[in-house]
Amino acid sequence: MLIEILDTQYHYFLIIIHDGRYVVDVADRDSVPIARTELLDLLMKPSLDGIPLLVLGNKIDKSEALSKQALVDQLGLESIKDREVCCYMISCKDSINIDSVIDWLIKHSKTAK
């Protein structure tokens, strides 16, 4: 399991990549370009080759949150062709779409290496 906490001056996201989970605070619009760079750098690591990627846009309960399409566009998810990529917009606070995330994790745990 690879866990990196990127909290320099931004305090904006936690990256947990084992089964390909990547969490982005979509209410902090200024952090998304940095999140893109960090995500693409992480995906270049040979140890993560072919691992399905689940991107979670958290804090959709906030009015300033990005839309799903904006997050997909700004992270460049459509350009990732070497693995399955899935994006869910969630609110941990309000338990929105958590069931979909759990379903995805269960589905992909069966094929985990």
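None of the figures in this text is laboratory data; all of them are computed from the coordinates on show. All figures in this text were calculated on a predicted structure; none of them were measured in a lab.
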> Can you work out ³J(HN,Hα) from phi for every residue in segment 92-99, in order, using Karplus 6.51 cos²θ - 1.76 cosθ + 1.60 and θ = phi - 60°, giving whole Hz and x for Gly and Pro?
Replying inline: 5, 4, 9, 6, 8, 6, 5, 4
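Return a whole-number percent for the relative contact order of segment 23-100, with Cα pairs under 8 Å and 6 or more residues apart as the contact set. Don't jump to the answer; show the numbers that get you there.
Details: 109 pairs, mean separation 28.1, N = 78.
Computed value for segment 23-100: 36 percent relative contact order.
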> Which whole-Hz couplings ³J(HN,Hα) result when phi for each residue of segment 42-50 is put into the Karplus expression 6.51 cos²θ - 1.76 cosθ + 1.60, θ = phi - 60°, listed in order with x for Gly and Pro?
Replying inline: 5, 5, 7, 5, x, 5, 9, 3, x
